[in-house]
Amino acid sequence: MKILLVFDFDNTIIDDNSDTWIVQCAPEKKLPIELQDSYEKGFWTEFMGRVFKYLGDEGVREDEMKRAVTSMPFTLGMVELLNFIRKNKDKFDCIIISDSNSVFIDWVLEATSFHDVFDKVFTNPAAFDSNGHLTVENYHAHSCSRCPKNLCKNVVLVEFIDKQSQQGVNYTRIVYIGDGGNDVCPVTFLKKSDVAMPRKGYTLQKTLSRMSQNLEPMESSVVVWSSGVEIISHLQFLIKE
């Protein structure tokens, strides 16, 4: 029986947001005001589609975007953490559930040779079209009112666990490592033996501490982290249990 590790990508594995990072490829490293103002809450993927179209129209090519994306720094201690997981793959299954896109995540994992650490990546599908423009689609449709239209991480997690258990794979516990508002939904689904690991000072941690002050029920334990090295020591503790 393994432990399932669930990672967010932006501001968790990498120490920035890949979608806002890519703006440095734009002329003068900024987007036109009307494009910035076109964002509607809950429709981030559609907004990024327009951003990618704008970059393409401005002549920004795939290799330039790839250089930018692969220059993003990893979060402190994350390289050590991923190496630790690789060494202990017999004890962990490891997935990413992210609101970034498949092209960006592929680029980063490929450039850093961490593809083998992850069993599956769930994210918005992206591809370059015949004009050389990056296009991105919603990951799925769902009916969760708490999450952005394109992705409910809880739905993804539950479906993955169900599929695994149909194949005879069950987990002793789930450890969820994330930072953002869209990590709240899957974290509230966690059970008593599971661990929510919000990044210190980010939206997920602030939301969880507000929930505990309001005595909103949450079953899992919560362990706050600011470096991947702290996550390693908690995982070592769980393995020993």
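Restricting attention to the range 118-135, the residues that are under 18 Å from the mean Cα position of the chain (by Cα) and either open to solvent by less than 30 Å² (accessible area, probe 1.4 Å) or of a type in the set (G, A, S) (or both) add up to 5. Checking each residue in the range 42-69 for being open to solvent by 60 Å² or more (accessible area, probe 1.4 Å), in contact (Cβ under 8 Å) with a residue 40 or more places away in the chain and in a loop (DSSP other than H, G, I, E, B) picks out F43, R61. Restricting attention to the range 183-241, the residues that are assigned to a helix (DSSP H, G or I) and within 17 Å of L157 (Cβ to Cβ) total 9. Return yes or no: is L76 in contact with a helix residue (DSSP H, G or I) (Cβ under 7 Å, 6 or more places away or on another chain) and assigned to a loop (DSSP other than H, G, I, E, B)? So L76 fits the description; yes. Of note, D162 satisfies the criterion of being exposed (fewer than 13 other Cβ atoms within 10 Å of the Cβ) and among the acidic types (D, E).
So that you can scan it fast, the table gives a plain yes or no per residue for (1) part of a strand (DSSP E or B); (2) touching a His at 6+ places or on another chain (Cβ under 9 Å):
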| residue | (1), (2) |
| --- | --- |
| G132 | no, no |
| T135 | yes, no |
| S143 | no, no |
| R146 | no, no |
| N150 | no, yes |
| V156 | no, yes |
| Q164 | no, no |
| R173 | yes, no |
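Applying a threshold of 6 Å to beta carbon distances and a minimum spacing of six or more residues, or different chains, the list of pairs starting in the range 189-211 at a residue that is in contact (Cβ under 8 Å) with a residue 12 or more places away in the chain and ending at one that is open to solvent by 70 Å² or more (accessible area, probe 1.4 Å) and assigned to a loop (DSSP other than H, G, I, E, B) reads K191/E219; K192/E219.
Among residues of the range 177-232 being among the aromatic types (F, W, Y) and open to solvent by 20 Å² or more (accessible area, probe 1.4 Å), the one that is farthest from T12 (Cα to Cα) is F189. Only one entry of I96, I105 meets the criterion of being assigned to a helix (DSSP H, G or I) and either in contact (Cβ under 8 Å) with a residue 60 or more places away in the chain or in contact with a helix residue (DSSP H, G or I) (Cβ under 7 Å, 6 or more places away or on another chain) (or both), and that entry is I105. Taking the stated definitions as given, is L109 touching a His at 6+ places or on another chain (Cβ under 8 Å) and crowded, with 18+ Cβ neighbours inside 10 Å? Criteria met by L109.
Condition check ((1) within 19 Å of L55 (Cβ to Cβ); (2) modelled with pLDDT of 95 or more) across all residues:
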residue: T112; (1), (2): no, yes
residue: F118; (1), (2): no, yes
residue: P125; (1), (2): yes, yes
residue: S143; (1), (2): no, no
residue: R146; (1), (2): no, no
residue: E159; (1), (2): no, yes
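When residues in the range 148-186 are screened for being among the hydroxyl-bearing types (S, T, Y) and within 24 Å of S226 (Cα to Cα), 1 of them pass.
The values are calculated or read from the model by the stated rules, or taken from the named source; none is laboratory data. Please read these numbers as outputs of a predicted model, since none were measured by experiment. Quick reminder, even Gly has a Cβ in these numbers, built from the backbone with ideal geometry, and neighbours come from all protein chains shown. These area figures cover heavy atoms from the full protein model, side chains too; ligands, DNA and RNA do not enter into them. Shrake-Rupley method; radii C 1.70, N 1.55, O 1.52, S 1.80 Å.
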